[in-house]
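The structure under discussion appears below in the form of structure tokens.
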Amino acid sequence: MNLFDFTLNPYALLSLLGLVTNAVVIYLVATSGYQVLTQRLYIAGQIAMVLWSASETLVRLSANPQTANFWYLVGAPGWLFMSPLFLIFIIAYVGKEKFLSSIGNLALLFFPAFLLLFFAWRTNFLVNPDPSLARYTFWGWDIFKLPLFGIFMAWLDILYITSLVLLFQLRAKTEDPVKHKQATFMILGILVPVIVGSFTNGFLPVFKLEVLPLAVPLTTLMSVMISYSILKYKLFIVNPSMVVTNIVKTMNEILIVFNPRHYIDFVNDAVENILGYKKEEVTGKHIKKIVGSQWPDFEKNVLEPIDSGEQVSGVEVNLETSSGEKIPVSFSSSLFKDEKGKIFAEVGVATDIRKTRRLIIDTIAERNKLTVVMQSIIDGVFALDTSGKITLVNPAALKMFNLEKKSITGKKLSDFLIMTDGNQELDYKDLLSRKKLTKDTIILQRNGLKITSSSGKQIFANLTSSAIKEGLEVGLGAIITMSDVSKERELEEMKLDFVSMAAHELRTPITSARGYLSFLQNEVGEKLSEEQKSYLDKAFIASSQLASLVDNLLAVSRIEQGAVKLQVASCDWIKTVKDCVSNFQPLAKEKKIKLSNLSPEKLPLVLVDQFRISEVLSNLLANALNYTKAGGSVSVEAEVENDEVITHIKDTGIGIPEEALPKLFTKFFRVSGILEQGSKGTGLGLYISKAIVEMHHGRIWVESKLGEGSTFSFSIPLIS
Ligand code: ADP
């Protein structure tokens, strides 16, 4: 028998096309990059297809029935195994891989194929290779098929129908439109060749009906369609086993699978990055190899618990690199047990915690630095949590208020401190930020708070409450710093007390000296020579200046001691201005200055201490006349703007240099080098005026140009 007795039959080319196409499909799918079970099963089915197409090609080329029958039977594993392999591919594709892990299920699927193969090769039950029974048709020699062949076709169709059912189920279940489309595509891909092919190649030949067997080209078409959707839509990408394989491959943690005898069965690529071992160097080796000198520790804390069936989680141990460096890792495990509960594999995941350790050390160092700073600064510091409870306090704060650390941690500031600003108690809620911050912020800053602690100690302090932008996340509500200003305050008070006392003591003798001088001027002035009279006048002027200085000093010290209390009443501001202007008319006349009142006839009432606010008006008017030369003019104008009355005192005097403007309202400030007329000033008038205006919740300001004049303005709120 010549097995290579071939002659050309054009129909063989159709089978050859199937062979080549299926081979190309195998190549494309195998190199598409997703080495997963589904893909491998698909390729296995395709290999069966190639074998079948190759056998059909050779059958069609055979010149005699012996050769044809021989090649037909060579291809039997191809056409017998193709369909069960295709079914298991579909089973895996629809996500029922678990079904395949049972040997029984696999046997059920493949047993008929083996049995039929046995029949084909060893018996004449399926096909009869007797050359005299073979028929010659237009596509070549056709082997004699027995009725069992029809049963084989029925079995084959059952397998394909099962595949179709699984695909229909998937199609009905999925909500993903692309997956839906794919399932439809695959169903159509299977349906056409299976129906047509099983008739042309199976059922019809059994009934001796002569049609061209189209199964190979049609099944090839199916392969092309399915492969196209595999490659185009990356069907296998979401396959869970591929996901797991990928994770294991790419994860940063070392994954070790070892047996109960502690020999490593599997380890992932991370072992190379972290420990410097190649996978092959440690696979099959005892786990001791990667633990190194830390073995006793590892055995006790990791292996013993695992072996006794416990799961360890986040145990910190050291592993050792190939060069002997210790790597701290966090080790967690899980176990695989058989049905009898016996452990057959242990899986460990080791996470490199070098970075975390570094971070922790840095954080601790940072905290220690902070603690040292807190210990050594003289300001008191409290850290509050978001509910205002104290979480941290420094020694300076404890000393400042005579407190014990343990008696205040966890408490709120209001539990042991009373803070008052002026007469008002501080609202402790103001110390904490109410909203999420976008940057580090000072929430509250108050100077000169009076703070009384539960220990009875009282101090004056400047307080700053700040918050950091991560506060909410780390539970830090605010950091309160307090600097004790009691000493400064005491000194200030002593100074004020001294000034006030000195002024008081000076007032009486000055008043009496002025009285006597005035008496002398009146009584003996006539009898004195011009020169003597001028001495007397100068002495009187000097004593008047002294009296005004003393009065101003007294006023300043009373203001600063907080001793000035306003006696407010509603007042007709227009009348007050009018009276004040007319009081200054004689002086203006004497100095040859035009003094005018430009205020309107009527203005709403204001709530003021009339005596004090008139002092401001007089002060500004006196200055205006004082710093304006003869021939100049001074005008007063009151007007309503928004909810305030604003009074302007405008002069055409000498003006104020620009650099002096910012300091004008400070204590004892006087513009130097100006031409002063009349009595010398004290530099306290504007300071006192500002204090009085601010007590009325108003503002005072000046606009001036050197040589052209000045306009002083102040506002007082209207009665609302
Ligand atoms: P003084 O008692 O010296 O007037 P003030 O506090 O009232 O003290 O004024 C401070 C300084 O401001 C004055 O010494 C003067 O130099 C300047 N000054 C005040 N008012 C005027 C003004 N209307 N024109 C020019 N300079 C002025």
field: Ser518 being in contact (Cβ under 8 Å) with a residue 24 or more places away in the chain, hydroxyl-bearing (Ser, Thr, Tyr), away from the ligand (no atom under 16 Å from the Cβ) and open to solvent by less than 50 Å² (accessible area, probe 1.4 Å)
entry: no
- prompt: Does Lys279 satisfy being at pLDDT below 90 and more than 40 Å from the chain's Cα centre (by Cα)?
  reply: no
task: Specify the residue that is surrounded by the fewest Cβ atoms within 10 Å (Cβ to Cβ); the eligible residues are those in the range 360-391 that are touching a residue at least 40 places away in the same chain (Cβ under 8 Å) and of a type in the set (Ser, Thr, Tyr).
output: Ser387
- request: Spot the failing condition for Gly150; the list is (1) open to solvent by 60 Å² or more (accessible area, probe 1.4 Å); (2) at pLDDT 80 or above, and only one is missed.
  value: (1)
statement: Being closer than 29 Å to Val564 by Cα and out of contact with any Phe, Trp or Tyr (no Cβ under 7 Å at 6 or more places or on another chain) narrows Glu708, Glu659, Glu703 down to just Glu703
- request: Identify, from the list Ser582, Ser599, Ser570, the residue that is touching a residue at least 60 places away in the same chain (Cβ under 8 Å), hydroxyl-bearing (Ser, Thr, Tyr) and over 14 Å from Gly709 (Cα atoms).
  value: Ser570
- prompt: Residues in the range 190-211: is at least one within 17 Å of Val59 (Cβ to Cβ), open to solvent by 70 Å² or more (accessible area, probe 1.4 Å) and of a type in the set (D, E, K, R)?
  reply: yes
- request: Considering only the range 268-320, give the helices (runs of 4 or more DSSP H) lying wholly within it that have at least 3 residues that are open to solvent by less than 80 Å² (accessible area, probe 1.4 Å) and more than 13 Å from Ile256 (Cα to Cα).
  value: 295-298, 304-307
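The values are calculated or read from the model by the stated rules, or taken from the named source; none is laboratory data. Computed from a predicted structure; not experimentally measured. Using ideal geometry, Cβ is built from the backbone for each residue, glycine included, and neighbour counts are taken over all protein chains shown. With ligands, DNA and RNA removed, areas are computed over all heavy atoms of the protein, side chains included. Shrake-Rupley method; radii C 1.70, N 1.55, O 1.52, S 1.80 Å.
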